[in-house]
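The values are calculated or read from the model by the stated rules, or taken from the named source; none is laboratory data. Owing to the predicted nature of the structure, the values given are computational and were not obtained by experimental measurement. Cβ placement follows ideal geometry from the backbone for every residue including glycine, while neighbour counts extend to all protein chains displayed.
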Amino acid sequence: MSQFADESPEDSRDREWALVRRHLEGDRDAFRALYEKYRDKVYASALRIVGEASLAEDLAQEIFVKIHDDLRGFKFESRFSTWLYRIAVNHAINKANEIERRGRIRERIAREQPPEPPRGPDADRFADDRVIRAVGELSPKLRAIIALRYLEGLSYSEIAEVLEVSIGTVKSRLFLAHETLRPMMQGLSEEDKA
Amino acid sequence: MKCELFRDLLLDYVDGALDADTLVDYRQHYGSCAGCAATQKMIEGQEGMLAALPHPKAPDTLWGRIQHEIADRRMLTSLDRPRLRFGGWAAAAAAALVAVSCVFAVGGRAPRREDPGLPVHVVDISAQPGAPALGRMVPGYENPVPAAPLFDTLLGAGK
Amino acid sequence: MKRARAILVIAGFAALGGSIAWGLLGDVAASRDQALLDAIQDAEDAVPFAGVRTIATDHPDGAVTTVLRVRGRGGERHIEFVEARLPGGEIRRPGDKPKRGEMGPFGWMGRIRGIASGRVHGGQMARFRQSGAILQNYRLVRTGREPVAGRDCDRLELRPRSANRASYRLWADVENRFLLRFQVIGAQGGAVFDMSHDTIAFHPTFVPDDFAAPVDVKPAPAPFRIEREALSLEALRGLNYRAWLPAKPPAGFQLRAIERLRARGLFEGISAWYSDGMASVMIVQFRADNPIWVQLKPMLPGFGEGNGGGLVARRIAHAGGTLMNITLEGTEVFVAGQIVGDEMEQLVKSLKAAN
């Protein structure tokens, strides 16, 4: 994805810290570089958690503006990515909770229901849609765990750092997410096998 | 191995993180417990599907929106900093303002001196005849988003 | 696109300084309070209703009581003016001629039957859309039950966390959370506003005409039609006069929106709306050399005298709030806020050029 794909985790961390320092010294390109590296990840996670594209875009904007504002307080103790994900996930969960309270997310999901399942080359995309919808049925906290694990590919310890919980909690939440998805995704696994 | 422990280890197994001894016990249980085996297959199947989901890309408009908002916030925060002004009533305080502005320009962390603000003299005209009518310019409570009653009132008065 | 920008600006400002309209409130109780405010806000759109409401407003020159017939369904509202009782006992009804020199709704609106009909989102309830901001600045207290218009209601109070603020009482229907009564208690005690339903019917049977615009509505004469356009802070740079915004708004208040108001050929100005979730401060400003203003100004009480050198701000204060006026570098600035005490003066003193 980036020119830095082959670098070690330490190199990546140091490179990002250097960008943060440059930003704090007034280099306007530095923030842009950080943005370019994480824009798709932040947007994708936001989308998985709040479930709708326009909301995800608003949310991604808020998140990056907050990151820009809060960089002054960055402590150079954790990785930049951990710090960024923490902000992104907290924002997204809160926004999703707010939407949940209004009970509208289910309506939105129902409205996006395709009239009938496509066959042939479209079948894959249809399966994806159903998986996405199934994830949308989870609570915002569980959606976040799924996004961090399967979208961002974070390890359990990284997720634990982002969410500021123990690794045990991460695993039990992930397990709970899978169990909750079971009835919704069961049909799909069978189709897969067919 | 009991089912409870199997479930606790399941995610680590899928991750390939179990040590050799635990792996033996784990596989043994998998072979002898249909329920746990089904759970493992379920999670492996889901992992496959979730990892294969498309990665949506952020829209191109996003950067522009972020830039605009940062610029707006910068403008709003800059209102709170003493600024170097020429002429007018600020001329008298220019020396102090220059000192503080220089500190900010260099990025120092000097403690911010309290900005005294505009040297305004307030004249209360509440008791003037006709003042109560003017007082209606204060937003009412009928509408939480006041519709600039000042304009309506001023224009109405000018009719 | 401009409207979208304005909304983004608003969302950004709502997030400034840690106060977030999405409600980053930690504990369970706070979430419950927020859910209640959200439910009250949703109810006006969610529950079709028809009824009669009385609005009593305390004005400096006496209380005015207005009776309105109201209907609502989804985002649609239809409001009819039934009658108004003015200070001194006079009663004004639709069709009555306004008296010479009368300002406000009892001027040229007196001839209109229906005050408003059309797609409106909000009214009282739009206030609670900012439930997160509200709970940062006010405490929600449940004070018991009381019937309104024959319906059982939960009585709630929003008590301000800062001094010199009004408090608010809400009566929300126990079953559907519809706001049946809303009262504002001024900072000095005593009600300054009271909206109360005399009658209410939920899920009434509507006829097609119920939400049609009344036929005898006179549109405002062309020169007085006010155009409104959302503006971003950056767009202030394009104005041909200085725009002023406070570096120190009152505690809990944040900038929510900026609008340009135009009455073509006559008037152009901008209006900045600050709010703490419940109370509002409006800052309206325009070029001080506007010909209409130049003619009008000497006729306004207290505005005729010269400044006598030095910067003078005029103030009118009453139980419902404060109005201040100041001329700064060729811009006439009016600040009208639902707050009492020193904070308005601090706000005016902290005005800075935003362009």
Practice prompt. Check whether at least one residue in the stretch C:167-175 is under 20 Å from the mean Cα position of the chain (by Cα) and over 28 Å from C:T199 (Cβ atoms), and report yes or no.
Written response: no
Worksheet item: Wholly within the stretch C:244-344, which strands (runs of 3 or more DSSP E) include no fewer than the required count, namely at least 2 residues that are touching a Lys or Arg at 6+ places or on another chain (Cβ under 9 Å)?
Response: C:244-246, C:254-263, C:267-275, C:280-287, C:321-328, C:331-337
Item to complete: Go through the stretch C:236-247 residue by residue and tally those that are among the small types (G, A, S), touching a strand residue (DSSP E or B) at 6+ places or on another chain (Cβ under 8 Å) and either more than 8 Å from chain B (Cβ to nearest Cβ) or under 14 Å from B:E69 (Cα atoms) (or both).
Response: 1
Discussion item. Show me the helices (runs of 4 or more DSSP H) entirely contained within the stretch A:63-172 in which 3 or more residues are at pLDDT 85 or above.
Written reply: A:80-101, A:123-136, A:140-146, A:156-163
Discussion item. Is it the case, given these coordinates, that C:D210 is modelled with pLDDT of 85 or more and over 23 Å from the mean Cα position of the chain (by Cα)?
Written reply: no
Item to complete: Give the residue, chosen from C:G265, C:G302, C:G310, C:G277, that is surrounded by fewer than 24 Cβ atoms within 10 Å (Cβ to Cβ) and either among the charged types (D, E, K, R) or more than 7 Å from every other protein chain (Cβ to nearest Cβ) (or both).
Response: C:G265
Response to the item:
Scanning the stretch B:44-89 residue by residue, the ones that are surrounded by 13 or more Cβ atoms within 10 Å (Cβ to Cβ), among the charged types (D, E, K, R) and at pLDDT 85 or above total 3
Worksheet item: In the stretch C:284-305, which residues are over 27 Å from the mean Cα position of the chain (by Cα) and small (G, A, S)?
Response: C:G304
